[in-house]
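S.K.: One structure, as structure tokens, below. Some questions next.
The values are calculated or read from the model by the stated rules, or taken from the named source; none is laboratory data. Bear in mind that the values here come from a model prediction, so they are computed numbers and not experimental data. With ideal geometry, Cβ positions are generated from the backbone for all residues, glycine too; neighbour counts draw on all protein chains shown. These accessible areas exclude ligands, DNA and RNA; they are computed on the full protein's heavy atoms, side chains included. Shrake-Rupley method; radii C 1.70, N 1.55, O 1.52, S 1.80 Å.
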Amino acid sequence: MSAEIISGTEISKAIKEELKAEVAELAEKHGVVPGLVTILVGDDPASQSYVSAKNKTAHALGIHSEQVTLPAETSEEELLGLIDKYNKDDKINGILVQLPLPKHINEARVLYAIDPDKDVDGFHPVNVGKMMLGEKCFLPCTPHGILELLARSGVETSGKEVVVLGRSNIVGKPIANLMLQKRESGNATVTLCHTRTKDTDFHTRRADILIAAVGVPNLVKADQVKEGVVVIDVGVNRVGKTESGKAILAGDVEFESVKEKASKITPVPGGVGPMTITMLMKNTVQAARQAAGLE
Ligand code: GUN
């Protein structure tokens, strides 16, 4: 039996429709236009394409968006100065600094400089701490997108064995934390595997829900999962180029073989990726509502 495909493209389309209506209502009833600024340092092609997709989506939803691209040699002080400017700018509700940053810039210093009320990435320690405590905050976009994918495709998580592969600050650690909380798409028993895990296969084979976020193409094979598993593949690995120069992408999970065993699976592309951008828009709208005293 072949798995049901969880389409992030379709689910994010539905959420974007909801957001578009919410943005229109905010403008009409309250004169509020949510504003987002994206800041990219350097010319990494993958980062360029993510940032331009974020701005394009914002524009399509009626969100005011500004895109700042700085040369790779930009100093940390210059970047901090720019963040300070946007922290004080009332038109801007969300500030996103695209990661990774060039090596000479201290990433933590930059992320900590963003006003937590404008931290639509959910990377500031104030938001990370609130998330951990289950308080209202900006949830990091990729984990937030995974929760929505699970909820909107009818996956029960309560009491289930969730196995997460990868302990990054952006995905692995937050999604593991969110899925064990008392909340929708939570209440799971969570195991987080990483490079020092003794027997990862032992864990993946008993997972009811497997979330792979390691950045290794096709790492998880069919013999490492059990029949009926729900697979969320966060990997976006560039494995080659087409003749026209377009990147060929692969997930962390070997899709063709694993889909024959899974009950549900996200594809790459078209799975988690589109959700990350959509949740950034959701967070930006939330930031605008909060700034306007509407919640
Ligand atoms: N680089 C890869 N993923 C992300 C993300 O979610 N936010 C930012 N700012 N940079 C990233």
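S.K.: State whether one or more residues within the range 86-106 are open to solvent by less than 60 Å² (accessible area, probe 1.4 Å), part of a helix (DSSP H, G or I) and aliphatic (A, V, I, L, M). Write out each step before concluding.
M.R.: Going residue by residue through the range 86-106, those that are open to solvent by less than 60 Å² (accessible area, probe 1.4 Å) are 86-87, 89, 92-99, 101-102, 105.
Narrowing further to those that are part of a helix (DSSP H, G or I): 86-87.
Filter once more, keeping what is aliphatic (A, V, I, L, M): none.
No, every residue in the range 86-106 fails to be open to solvent by less than 60 Å² (accessible area, probe 1.4 Å), part of a helix (DSSP H, G or I) and aliphatic (A, V, I, L, M).
S.K.: Restricting to the range 257-295, name every residue that is open to solvent by 40 Å² or more (accessible area, probe 1.4 Å), in contact with a helix residue (DSSP H, G or I) (Cβ under 9 Å, 6 or more places away or on another chain) and more than 19 Å from SER12 (Cβ to Cβ).
M.R.: GLU260, LYS261, ARG289, GLN290, ALA291, ALA292, LEU294, GLU295, listed by residue number.
S.K.: Taking the residues in the range 146-175 that are β-branched (Val, Ile, Thr) and within 15 Å of the ligand (Cβ to nearest atom) as candidates, determine which candidate is farthest from GLY186 (Cα to Cα).
M.R.: Within the range 146-175, the first condition is being β-branched (Val, Ile, Thr), and the residues that meet it are 146, 155, 157, 162-164, 170-171, 175.
Filter again for within 15 Å of the ligand (Cβ to nearest atom), leaving 146, 170-171, 175.
On the way: ILE146: 11, ILE170: 18, VAL171: 15, ILE175: 10 Å.
Ranking the qualifying residues of the range 146-175, first place goes to ILE170.
S.K.: Condition check: away from the ligand (no atom under 16 Å from the Cβ), exposed (fewer than 13 other Cβ atoms within 10 Å of the Cβ) and in a helix (DSSP H, G or I). Does ALA21 satisfy that?
M.R.: Yes, satisfied.
S.K.: So which helices (runs of 4 or more DSSP H) are wholly in the range 141-212 and hold at least 1 residues that are of a type outside the set (Phe, Trp, Tyr) and over 30 Å from GLY94 (Cβ atoms)?
M.R.: Passing ranges, in order: 200-204.
S.K.: I'd like the full set of residues that are modelled with pLDDT of 95 or more and part of a loop (DSSP other than H, G, I, E, B), limited to the range 245-264. Break it down into steps so the answer makes sense when it comes.
M.R.: Initial filter on the range 245-264 (modelled with pLDDT of 95 or more): 248-264.
Within the range 245-264, GLY251, ASP252, GLU254, LYS259, GLU260, LYS261, ALA262, SER263 meet the criteria.
S.K.: Go through the range 34-52 and give me each residue that's small (Gly, Ala, Ser) and within 12 Å of the ligand (Cβ to nearest atom).
M.R.: Here is the first cut: in the range 34-52, the ones small (Gly, Ala, Ser) are 35, 42, 46-47, 49, 52.
Hits for the range 34-52 are ALA46, SER47, SER49.
S.K.: Got at least one residue in the range 13-31 being under 29 Å from ASN106 (Cβ atoms) and in contact (Cβ under 8 Å) with a residue 40 or more places away in the chain?
M.R.: Start the filter on the range 13-31 by keeping residues that are under 29 Å from ASN106 (Cβ atoms), which leaves none.
Checked against the condition, which is being under 29 Å from ASN106 (Cβ atoms) and in contact (Cβ under 8 Å) with a residue 40 or more places away in the chain, the range 13-31 yields no hits at all.
S.K.: Sticking with this structure for a sec: Output the residues belonging to the range 265-295 that are more than 30 Å from SER2 (Cα to Cα) and assigned to a loop (DSSP other than H, G, I, E, B). Give the steps one after another, and end with the answer.
M.R.: Initial filter on the range 265-295 (more than 30 Å from SER2 (Cα to Cα)): 280-295.
Across the range 265-295, the qualifying residues are ALA292, GLY293, LEU294, GLU295.
S.K.: Something else about it: Can you tell me which of GLU78, GLU73 is among the acidic types (Asp, Glu), in a helix (DSSP H, G or I) and over 30 Å from THR9 (Cβ atoms)? Walk me through how you get there before you give the answer.
M.R.: Numbers: GLU73 fails: in a helix (DSSP H, G or I).
Only one candidate passes the filter, namely GLU78.
S.K.: Follow-up question, since we're still on this one. How many residues are open to solvent by less than 30 Å² (accessible area, probe 1.4 Å) and among the hydrophobic types (A, V, I, L, M, F, W, C) if we restrict to the range 45-81?
M.R.: Residues in the range 45-81 being open to solvent by less than 30 Å² (accessible area, probe 1.4 Å) and among the hydrophobic types (A, V, I, L, M, F, W, C): 7 in total.
S.K.: Considering the range 116-140 alone, what residues qualify as being buried (at least 17 other Cβ atoms within 10 Å of the Cβ), charged (D, E, K, R) and not in a helix (DSSP H, G or I)?
M.R.: ASP119, ASP121, listed by residue number.
S.K.: Here is a further query. Assuming ASN55 fulfils every condition listed in (1) within 16 Å of the ligand (Cβ to nearest atom); (2) without any contact (Cβ under 8 Å) to a residue 60 or more places away in the chain; (3) in contact with a helix residue (DSSP H, G or I) (Cβ under 6 Å, 6 or more places away or on another chain) apart from one, which condition is it?
M.R.: (3)
S.K.: Same structure, new question: Starting from the range 85-103, take each residue that is over 17 Å from ALA46 (Cα atoms) and list its partners that are open to solvent by 20 Å² or more (accessible area, probe 1.4 Å) and more than 16 Å from the ligand (Cβ to nearest atom), counting only C-beta distances under 6 angstrom and pairs at least six apart or across chains.
M.R.: Listed by first residue and then by second, the contacts come to ASN93/ALA291.
S.K.: So which residues in the range 182-196 are in contact with a helix residue (DSSP H, G or I) (Cβ under 9 Å, 6 or more places away or on another chain) and either of a type in the set (D, E, K, R) or surrounded by 15 or more Cβ atoms within 10 Å (Cβ to Cβ) (or both)? Full working, then the answer.
M.R.: Taking the range 182-196 first, the residues in contact with a helix residue (DSSP H, G or I) (Cβ under 9 Å, 6 or more places away or on another chain) are 183-194.
Across the range 182-196, the qualifying residues are ARG183, GLU184, SER185, GLY186, ASN187, ALA188, VAL190, THR191, LEU192, CYS193.
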